[in-house]
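The values are calculated or read from the model by the stated rules, or taken from the named source; none is laboratory data. Everything numeric in this text was worked out from a predicted model, so none of it was measured. With ideal geometry, Cβ positions are generated from the backbone for all residues, glycine too; neighbour counts draw on all protein chains shown.
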There are 4 protein chains.
Amino acid sequence: MTKKETIIFDDDAFEEGGFEDTLTITDQRDQTYLDEWIAYYRDYAREGASATYIPALAEADASQLGIVMARPDGTMLKAGDHDVPFTLQSISKVISFIQVCLDYGISEVLEKVDVEPTGDAFNSILRLELHKPGRPFNPMINAGALTVASMLCERTPEGKVSSTLDLLEAMLGKRPGINEQVFESEWETAHRNRAMAYYLKENGFLDCPVEDALNVYLKACSIEVHTEDIAKIGLILAYDGYDPVTDQRHFPIEVARLTKALMVTCGMYNASGKFAARVGLPSKSGVSGGIMTVVSERAGSRYSPVPHGGGIGVFGPAIDDYGNSIGGSLLLAQLAKDWDLNIF
Amino acid sequence: MTKKETIIFDDDAFEEGGFEDTLTITDQRDQTYLDEWIAYYRDYAREGASATYIPALAEADASQLGIVMARPDGTMLKAGDHDVPFTLQSISKVISFIQVCLDYGISEVLEKVDVEPTGDAFNSILRLELHKPGRPFNPMINAGALTVASMLCERTPEGKVSSTLDLLEAMLGKRPGINEQVFESEWETAHRNRAMAYYLKENGFLDCPVEDALNVYLKACSIEVHTEDIAKIGLILAYDGYDPVTDQRHFPIEVARLTKALMVTCGMYNASGKFAARVGLPSKSGVSGGIMTVVSERAGSRYSPVPHGGGIGVFGPAIDDYGNSIGGSLLLAQLAKDWDLNIF
Amino acid sequence: MTKKETIIFDDDAFEEGGFEDTLTITDQRDQTYLDEWIAYYRDYAREGASATYIPALAEADASQLGIVMARPDGTMLKAGDHDVPFTLQSISKVISFIQVCLDYGISEVLEKVDVEPTGDAFNSILRLELHKPGRPFNPMINAGALTVASMLCERTPEGKVSSTLDLLEAMLGKRPGINEQVFESEWETAHRNRAMAYYLKENGFLDCPVEDALNVYLKACSIEVHTEDIAKIGLILAYDGYDPVTDQRHFPIEVARLTKALMVTCGMYNASGKFAARVGLPSKSGVSGGIMTVVSERAGSRYSPVPHGGGIGVFGPAIDDYGNSIGGSLLLAQLAKDWDLNIF
Amino acid sequence: MTKKETIIFDDDAFEEGGFEDTLTITDQRDQTYLDEWIAYYRDYAREGASATYIPALAEADASQLGIVMARPDGTMLKAGDHDVPFTLQSISKVISFIQVCLDYGISEVLEKVDVEPTGDAFNSILRLELHKPGRPFNPMINAGALTVASMLCERTPEGKVSSTLDLLEAMLGKRPGINEQVFESEWETAHRNRAMAYYLKENGFLDCPVEDALNVYLKACSIEVHTEDIAKIGLILAYDGYDPVTDQRHFPIEVARLTKALMVTCGMYNASGKFAARVGLPSKSGVSGGIMTVVSERAGSRYSPVPHGGGIGVFGPAIDDYGNSIGGSLLLAQLAKDWDLNIF
């Protein structure tokens, strides 16, 4: 396989024709396909850098790139650096949102947090002042996630991040741990999140003490997973809350649909519109380099290794200015195009 | 059929359980179903009001509500006030966007206008000052649509709105007219659009004289159609640019996919996120009360009258604060739920 | 003296001719003049309300109004409710700013906080995000005052609010106390100030721990004084840092000039421009209803009881939407006009 | 005289001690003093550049610097490039504001335009959207000046810029001309001003057709004057609307006071706060490099050549990022310090 242009959020690369010119790989085995593209996009990733605003994340190896595809029959396709542990970061916003919907019901949650994309950076505070009464615009930006975290708090924050961990344990069949080093690092540099939390408190959109909400929020961000874990959760979302492998329902269809809609409109930070336009797969990214992607049952195409839908986990710590994995985004764009997975 | 709760953008109604409690109608004929829901939602619409900022639109009858569903076999389901002519308004943004992609190619268009939702009102100018270099965030808000209109201008504006009309004529099999009364009314009250156009000009995102761009933009807004016309265009979008009835391709798959992604993230003004979350169908609304909706081929469900996808046109001139038809939004939410059309 | 129209920030009253039509009082004794106007403007004040966002302030009697004029010969003119103790609130921003200039020198202070008016409310956070690198616009809004407070902090906040108290003690000849009830009330409801402090911390404009800066800031706000105390400080500012009564210099001329310029451009919250235009006296207000005003030596007019300059203290707890004493503002406008004290 | 550090808006220069370390010049003749400082600050100016956004202004010689001081006895001190003609640009905002107050009365003017500084750039449009109902914040920024221009328009714009010219002719004893080359240049590149004017129109703050208001506004900006002309107007403002040389009153005291207050809080673009803090003289600048400054009668110091007040005109076309003459600002700061002219 020779190098060639591909899709990237950078308009130049996009313009150079990523969508138009691609390998015909229908006759290649899926594994080979994934291996080759991983190798190819690793070079792009090397030009990026890992997140620097959280010291503990800055140490990641920018050239890493891995993928796992989870299928409804329980099999998985894996390629690249899929066995490197990483922290969920913003991907946890999806899990916490599902959990809070389970705890309170969709309607009560939506009173506290809207589901509208903003076009602003994930840590922007502007809108809380500009729009009365200061309800966060969606649960995928920090402001909304802090409101969700505050709803998850009952008595003790310790007790409540465990509700997020409980949901993860149920879905993954194992209880993930919290990376304490990352948590400490985030906790100590969380000035802007604290600013946002106090602002929400002032406006009546933070139900528990600020420090508790931050604790729950940052603990959830610091949950350590592997690529296959987020692929697995993607599979459950693809099946609208039901796990076809274990034959278990984890959350109702309505919650799954709402969550996937949110992933499309708000899941890739303030590049969500571009990602929807160019990739077209419900996805949620984190600044540690993970992307959790859903191929809904009806969106799975016969050309793909997931004809009946599935979940995709990607990990590549080199991120762009929006906070999304560079290699991961490119890889997903390639797959979506070659395998006709775009939901639109 | 008795009255009952339903989905509405108003959180209260949503909270009261719209999603949960609905009629079982699988045994009813589709026509009866549509007739009854039209009658039902007309009452909601009556509480709203037609657009007032364009004098000529203020005269519309707020109690009107109509629907047309266009199927790939050429048949159509129609109910309610489907035969009332109305102007495209913002729905024209979709047509012009497709046309400009045909004229310049996607890449060149995206250099001039981004595809990112904003959370701001359709006529907001803030973002052009806040974000350098002032590229409009997406072609579904006025700023972006003006940039698109300026690209459509060549020599004479007269000549160029005709390229939009040409595309419409090709798709509809007849050439729609321009409602000159509405155009005059818009032209005279277009202060804010003019402000935006001059601001874009200053920033280098308006390629032709301001007055020409406005002429093209407002002429396109004033194109008069019927509900079945937008249903028909929805059908062509559902088939990715191909008309299954006439066996004609009008635009490439890539343009169709991009357009549908934009409709999901930005199509319902700054209620797009809410509409995606609660209805989940690519749609574009206009302040005259029209909504053009797409049921993609793969999203059509076997429960529905459009198992192989189709287009839906809705018309109901009573609009909410966002600018979307109240009755139309509720009707679409009902259909999407009852017939399992949500793409997520 | 009969009732008549007067100056008020409300444009209507202003329009009705406040400036044009006033009593001729040159033949009245100054005391009588003050007594009568106090009585007159009390009625206006009654229509207002005391600050509600700090519970402890909400209890104040809205009909109170008092004034003290301090002259360079040590005599004072007093009228109305001049003996009611109140907390400094934002007036403390002036004292702390002077102190921090003494501690660090003007240049170092101005690196951390600009001296530019904003037009925004005192507790606005917008500008810290909109303008890089997030340096607060001036020390008279909360953001800037928090930066100043953080500079005043050395080891312990306890130790450092005492530097503000030290300056006050030197100027007043007595050490004011802190109203602990008010402090507690402010401390518990300081969510928005905390948000701002953390945001400043993130941007590098808060030199000490957030809680320490808040402690110093809110303690300074809670310092309890009488009207004559702020009149006395006004006198020292009028004499550019020198107390003509005790023959002591408290701060350099440059600091005094800078402070008075700031009071004119930023001293009356986001009504500073209006106050400069309509009253024209360097002043700083607080939400507890105090206003500290300076009649510079060269601005004192021969018509006035302060021909060689002096300080004016006003107290009237009914405040307008900007946070300024209603009765106090009107009274000062009357004085400035009748006695030709406007510096412009 | 050797080179040394001086005051500049750049904090570094300020910090290096401009205020503290200056020549002792009390024994020098004023003319020599001015000549030497002109020569000295010309070097600073050379580092700047003339305005580029109006093509016709870009040709100015950045090294020019001139000053004229107009005294109440009719004599003038002149130094440097005082005989170079230049266009008023924003200095015209002062003249037009005075004229509109004469035409309508202060109260009616203030209903249409506030007198509050903003901290935003002169051509910012943000605030018109953020603050309802969109009344411009002050007449010294473009938005407010356009509103003022629209009020000056009666039937024909031609007729109405002549009311501004009439006021100038009365004050200067000669009728200034309009630099048609500059006017054409501004007219053709006025996209942003047009945007602002249409926005104001939409909000109800533009009383005449947009093109007429722009014509009046840009014609007023293009009025050509010499440094002595603005010095002369400064003198009239210093004497509150009265010309002590010709013994004529041109406008009432109230208008003069209001105008001078506006010059202090808003006269030097969004460096007005800094200029008030560091120079302390009511001034209005224009992007062509002029600054019109007022030494009020009571602010004139016995150390200065204007012990009874006077007007200062400065011209130096190299401007800083705010739009203010670099050499001119430095020169005024030097004078204000050495001659004790600061009004605070």
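Please verify whether residue C:315 is in contact with a strand residue (DSSP E or B) (Cβ under 9 Å, 6 or more places away or on another chain), facing another protein chain (nearest Cβ under 8 Å) and more than 16 Å from residue C:122 (Cα to Cα), treating the condition exactly as stated. No, not satisfied. Restricting D:79, D:58, D:70, D:51 to those that are buried (at least 17 other Cβ atoms within 10 Å of the Cβ) and modelled with pLDDT under 95 reduces the list to D:51.
For the range D:234-268, taking the residues that are under 15 Å from residue D:298 (Cβ atoms) and of a type in the set (Ser, Thr, Tyr), the one that is farthest from the chain's Cα centre (by Cα) is identified as D:242. Are any of the residues in the range C:198-207 over 14 Å from the mean Cα position of the chain (by Cα), touching a residue at least 60 places away in the same chain (Cβ under 8 Å), buried (at least 24 other Cβ atoms within 10 Å of the Cβ) and part of a helix (DSSP H, G or I)? Yes, some residue in the range C:198-207 is over 14 Å from the mean Cα position of the chain (by Cα), touching a residue at least 60 places away in the same chain (Cβ under 8 Å), buried (at least 24 other Cβ atoms within 10 Å of the Cβ) and part of a helix (DSSP H, G or I). Within the range C:153-191, the only residue that satisfies the criterion of being more than 26 Å from residue C:238 (Cβ to Cβ), among the basic types (Lys, Arg) and either surrounded by fewer than 20 Cβ atoms within 10 Å (Cβ to Cβ) or modelled with pLDDT of 95 or more (or both) is C:155.
Taking (1) assigned to a helix (DSSP H, G or I); (2) surrounded by 24 or more Cβ atoms within 10 Å (Cβ to Cβ); (3) outside the structural domain of residue D:126 (by TED's automatic domain parsing) in turn, residue D:271 satisfies each apart from (2).
If you take the residues of the range B:255-265 that are within 10 Å of chain A (Cβ to nearest Cβ), out of contact with any Asp or Glu (no Cβ under 8 Å at 6 or more places or on another chain) and not hydroxyl-bearing (Ser, Thr, Tyr), which of them is surrounded by the most Cβ atoms within 10 Å (Cβ to Cβ)? Out of the qualifying residues, it is B:264. Set side by side, the residues A:139, A:133 differ, and just one is out of contact with any Gly (no Cβ under 6 Å at 6 or more places or on another chain), within 14 Å of chain B (Cβ to nearest Cβ) and crowded, with 24+ Cβ neighbours inside 10 Å, which is A:139.
Looking at the range B:277-288, can you tell me whether even one residue there is within 14 Å of chain A (Cβ to nearest Cβ), farther than 18 Å from residue B:67 by Cβ and surrounded by fewer than 24 Cβ atoms within 10 Å (Cβ to Cβ)? No, the conditions are met nowhere in the range B:277-288. Within the range D:38-50, residues that are among the aromatic types (Phe, Trp, Tyr) sit with their Cβ atoms under 7 Å from residues that are buried (at least 20 other Cβ atoms within 10 Å of the Cβ), at 6+ positions apart or across chains, in these pairs: D:41/D:65; D:41/D:327; D:41/D:330; D:41/D:331; D:44/D:326; D:44/D:327; D:44/D:330. Of all residues in the range A:68-91, exactly one satisfies the criterion of being in contact with a Lys or Arg (Cβ under 7 Å, 6 or more places away or on another chain), of a type outside the set (Gly, Ala, Ser) and in a strand (DSSP E or B), namely A:68.
Could you tell me whether the range A:295-304 includes any residue that is part of a strand (DSSP E or B) and surrounded by 24 or more Cβ atoms within 10 Å (Cβ to Cβ)? Yes, that holds for at least one residue. Within the range A:259-282, the set of residues being small (Gly, Ala, Ser) and closer than 20 Å to residue A:217 by Cα comprises just one member, A:267. Annotation note: of C:326, C:291, C:343, C:312, the sole residue that is out of contact with any His (no Cβ under 7 Å at 6 or more places or on another chain) and not assigned by TED's automatic domain parsing to the domain that holds residue C:70 is C:343. Tell me yes or no: at least one residue of the range A:19-34 is farther than 30 Å from residue A:169 by Cβ, out of contact with any helix residue (DSSP H, G or I) (no Cβ under 7 Å at 6 or more places or on another chain), modelled with pLDDT under 95 and within 14 Å of chain B (Cβ to nearest Cβ). Yes, some residue in the range A:19-34 is farther than 30 Å from residue A:169 by Cβ, out of contact with any helix residue (DSSP H, G or I) (no Cβ under 7 Å at 6 or more places or on another chain), modelled with pLDDT under 95 and within 14 Å of chain B (Cβ to nearest Cβ). With respect to being polar (S, T, N, Q), assigned to a strand (DSSP E or B) and in contact with a Gly (Cβ under 6 Å, 6 or more places away or on another chain), residue C:265 falls outside the description.
Among the candidates B:213, B:170, the residue that is within 14 Å of chain D (Cβ to nearest Cβ) and either in a helix (DSSP H, G or I) or in contact (Cβ under 8 Å) with a residue 24 or more places away in the chain (or both) is uniquely B:213. I'd like to know if the range C:215-229 contains one or more residues that are among the basic types (Lys, Arg), within 30 Å of residue A:134 (Cα to Cα) and buried (at least 22 other Cβ atoms within 10 Å of the Cβ). Within the range C:215-229, one or more residues are among the basic types (Lys, Arg), within 30 Å of residue A:134 (Cα to Cα) and buried (at least 22 other Cβ atoms within 10 Å of the Cβ). What about residue B:295, is it touching a residue at least 12 places away in the same chain (Cβ under 8 Å), within 13 Å of residue B:232 (Cα to Cα) and within 12 Å of chain A (Cβ to nearest Cβ)? Spelling it out, residue B:295 is indeed touching a residue at least 12 places away in the same chain (Cβ under 8 Å), within 13 Å of residue B:232 (Cα to Cα) and within 12 Å of chain A (Cβ to nearest Cβ).
All conditions but one from (1) more than 19 Å from residue B:54 (Cβ to Cβ); (2) out of contact with any strand residue (DSSP E or B) (no Cβ under 8 Å at 6 or more places or on another chain); (3) surrounded by fewer than 23 Cβ atoms within 10 Å (Cβ to Cβ) apply to residue B:242; the one that does not is (2). Which ones in the range A:162-201 are charged (D, E, K, R) and over 13 Å from residue A:56 (Cα atoms)? Hits for the range A:162-201 are A:166, A:169, A:174, A:175, A:192, A:194, A:201.
Just one of the listed residues (D:247, D:207) is of a type outside the set (Phe, Trp, Tyr) and outside the structural domain of residue D:164 (by TED's automatic domain parsing), namely D:247. Taking the range C:178-197 as the range and being closer than 26 Å to residue C:135 by Cα, part of a helix (DSSP H, G or I) and in contact (Cβ under 8 Å) with a residue 40 or more places away in the chain as the test, the residues that pass are C:186, C:192, C:193, C:195, C:196, C:197. Of the residues A:66, A:119, which single one is within 14 Å of chain B (Cβ to nearest Cβ) and more than 19 Å from residue A:175 (Cα to Cα)? Being within 14 Å of chain B (Cβ to nearest Cβ) and more than 19 Å from residue A:175 (Cα to Cα) holds for just one of A:66, A:119, which is A:119.
Restricted to the range A:94-144, and to residues there that are touching a Pro at 6+ places or on another chain (Cβ under 6 Å) and part of a helix (DSSP H, G or I), the residue that is farthest from residue A:194 (Cα to Cα) is A:97. Taking (1) more than 15 Å from the chain's Cα centre (by Cα); (2) more than 9 Å from chain B (Cβ to nearest Cβ) in turn, residue A:231 satisfies each apart from (1). Filtering the range C:86-101 to residues that are closer than 16 Å to residue C:260 by Cβ and β-branched (Val, Ile, Thr) leaves C:91, C:94, C:95, C:98. Of everything in the range B:305-316 that is buried (at least 24 other Cβ atoms within 10 Å of the Cβ) and over 13 Å from the mean Cα position of the chain (by Cα), the residue that is farthest from residue B:83 (Cα to Cα) is B:309.
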